[in-house]
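A short write-up of the structure that comes next.
The values are calculated or read from the model by the stated rules, or taken from the named source; none is laboratory data. If you're wondering where the values come from, they're calculated on a predicted model, not measured in any experiment. Neighbour counts run over all protein chains shown; Cβ positions are idealised from the backbone, glycine included. Areas reflect the complete protein model, heavy atoms only, side chains present, ligands, DNA and RNA absent. Shrake-Rupley method; radii C 1.70, N 1.55, O 1.52, S 1.80 Å.
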Amino acid sequence: MSDSQDYDLIVIGAGSGGVRLARMSAGRGARVAVVESRYLGGTCVNVGCVPKKLFVYGAHVHDELEDAAGYGWTLPLDQVSFDWPTLVANKNTEIERLNGIYGRMLENAGVTVIDGTASIKDPNTVVVGDKQYTTAHITVATGSWPVVPDVPGKECILTSNEMFYLPQLPKQAVIWGGGYIAVEFAGILAGLGVETTLLYRGDLFLRGFDNDVRQFTEQEMRKKGIHLEFGVTIEAVEAEDSHYTVKLSNGNVMETGLVMAATGRRALVDGLGLTELGIELNASGHVVVDDYFQTSVPSITALGDVIGTPQLTPVALAQGMVLSRRLFGDGEGEVDYTAIPTAVFCQPNIGTVGLTEQEARVAGHTVKIYRSEFRPMKYILSGREERCLMKLVVDGATDKVLGAHMVGPDAGEITQGLAVAIKAGATKAQFDSTMGIHPTSAEEFVTMREPVA
Ligand code: NDP
């Protein structure tokens, strides 16, 4: 570390990965600044994981109210009403609280927060407004931004960014896309009483997830009254006040009150000056780095959504910790991208870790499949027709559990524990010798005795 420069490290972007890197590095004695143009906490805190989960909780209340009667509660359901602006306002209060916590965390760690938009002038100089800062290291942690496909009328199509601040809920909505964000928002809107249609260009949404999970989720979402249309895409949108006419690739036309695209996210590198410095971007626009987050310029590193690894907060956090150790610690450590557990907070939730059945077969494993499908106990008295799916993918030769997949209540919560077992290389015999917790849905994961394939 050299005193001839203003800082040892300037991190561009105060999202999950950038903040973790900055705090850890300051803790190791580095002089660190973070430049942020928008909001502390990045996508996750402001327009992603956190507000999304709060909306998901809000949408679930509807089911709880419906289920109450079977447990003896008398609720005049026809008199129950929902106020969207209240949910948004309460969510905003919570996000502001978290923004404050992030600010204090950085301050307490001794990190300087610079408010503004950064560009990189040379390998050791960052420009923010009319100021220039010199530094030994620069890390690009600028994240990603929603992409709206280029169709006529794209300017009136919303993305998840705007959905978090929507002033009023429409009666009807069209969601375009079939990934995480599309299915999560379909569940949120439908749960809050919006007649929701999800349009996906392929045969079946949630590409990359286990096929059983995809089919089961389709079935359960349809049961909830969500319209799912596959093999179709949007060709144009026309807006008149708050009414939208959506022209589809199959020749049909839909009338709706809102169109939202959840068609992926691109790396946010605009205006940074990376290509001018000779930093390579790959075909999808992500910053090219090596296993240690090093770009082609020795003093410049990058992490998080901007480098195209799985766009998940825990991945960015892990990268921040490894990079800090590399820059200012013992230089040890690598991020292990195997068996990353993930949840999709659609309704019901999806939880998944490890290989899908299809991936395991392609990888050459002799696969044994254990599968269980049942109605969760909670829904017996309430009469809800929702079902739960659990599936284990096991290597027939070694007995190792290669993957665990679930669709059902609390799938995200349940999958986290399974991820530890799978990461530790647990065998099916070890799952079988684990006592269940009775009565839970989760115990099914240790009581599936007979393979179905
Ligand atoms: P995804 O990449 O998950 O899904 C994008 C969807 O849009 C796919 O169904 C894709 O279809 C479709 N699509 C892409 N381009 C077009 C196009 N030109 N026309 C029509 N359809 C198109 O992106 P999301 O935006 O849903 O989410 C971004 C990332 O954010 C996720 O991958 C995930 O990593 C992260 N995330 C994680 C969450 C969680 O952990 N719970 C929640 C939300 C987001 P196809 O499959 O055919 O390519």
Kindly state, as a whole number, the per residue volume in cubic angstrom of the convex hull around the alpha carbon atoms of region 67-122.
190 Å³
Multiply the residue gap between GLU64 and THR366 by 0.36 nm, knock off their C-alpha separation, and tell me the result in nm, one decimal place.
104.5 nm
Counting C-alpha atoms alone, how compact is region 20-155: give Rg to one decimal and Dmax as a whole number, in angstrom.
21.7, 69
Env charge @ ASP305, Cβ radius under 11 Å, K,R +1 / D,E -1, value +2
For region 94-138, calculate the relative contact order in percent as a whole number, restricting contacts to Cα pairs under 8 Å that are 6 or more residues apart.
20 percent
Can you run phi through the Karplus equation (6.51, -1.76, 1.60; θ = phi - 60°) for region 35-41 and list ³J(HN,Hα) in whole Hz, with x for Gly and Pro?
9, 9, 9, 10, 8, 6, x
Rounded to two decimals, the Rg over Rh value of the chain from Cα coordinates and the Kirkwood Rh reads 0.99
In whole Hz, with x marking every Gly and Pro, tabulate ³J(HN,Hα) for region 261-270 from phi via Karplus 6.51 cos²θ - 1.76 cosθ + 1.60, θ = phi - 60°.
9, 10, 10, x, 10, 9, 5, 9, 10, 4
Keeping every protein chain in place, order LEU9, LEU77 by accessible area at 1.4 Å, biggest value first, i.e. largest first.
LEU77, LEU9
Computed helical MRE - 222 nm, the chain, DSSP H runs ≥ 4 contributing -39500 (n - 2.57), nearest 500:
-9500 deg cm²/dmol
If contacts are Cα pairs under 8 angstrom and at least 6 residues apart, what is the relative contact order of region 268-400 in percent?
12 percent
What residues have an amide H closer than 5 Å to that of GLY264, excluding those fewer than 5 places away on the same chain, when H is modeled at 1.01 Å from N in the peptide plane?
VAL147
Could you grab the relative contact order for region 247-311? Cα pairs under 8 Å, six or more apart, rounded to a whole percent.
24 percent
So if we plug the beta-carbon distance of LEU77 and THR440 into 1/(1 + (r/R0)^6) with R0 = 25 Å, what FRET efficiency do we get, rounded to 0.05?
0.30
Which percent of the accessible area of region 365-446 is formed by carbon and sulfur heavy atoms (probe 1.4 angstrom)?
56 percent
Protein-only accessible surface order, largest first, of ARG265, ARG31 at 1.4 Å:
ARG31, ARG265
Would you kindly find the accessible area of ASP115, with a 1.4 Å probe and non-protein molecules such as ligands, DNA and RNA excluded, rounding to the nearest 10 Å²?
130 Å²
Net charge near GLN172 (other residues with Cβ under 9 Å of its Cβ; Lys, Arg +1; Asp, Glu -1) is -1
For region 266-395, take N as its residue count and report Rg(C-alpha) divided by 2.2 N^0.38 Å.
1.47
Pairs of alpha carbons in region 160-221 whose separation is greater than 17 Å (percent)
39 percent
Of all alpha-carbon pairs in region 155-284, indicate the percentage at a distance above 24 angstrom.
35 percent
Rounded to the nearest 10 Å², what accessible area does PHE374 show when all protein chains are kept and the probe is 1.4 Å?
40 Å²
ASN252-GLU240 pseudo-label distance in nm [points 7 Å out on the Cα-to-Cβ vector]:
2.2 nm
Under 5 Å from the placed amide H of GLY153, counting only residues 5+ away or on other chains, we find VAL237
For the chain, find the longest principal axis of its Cα atoms and tell me its angle to the long axis of helix 84-109, 0 to 90°, nearest 10.
40 degrees
For the chain, what does the accessible surface come to per residue with a 1.4 Å probe? Please give it in Å².
45 Å²
With Rh as the Kirkwood radius over Cα pairs, region 232-328 has Rg/Rh of 1.20
Under Karplus coefficients 6.51, -1.76 and 1.60, residue-wise ³J(HN,Hα) of region 176-192 in Hz, glycine/proline x
10, x, x, x, 3, 5, 4, 6, 5, 5, 4, x, 4, 5, 4, x, 8
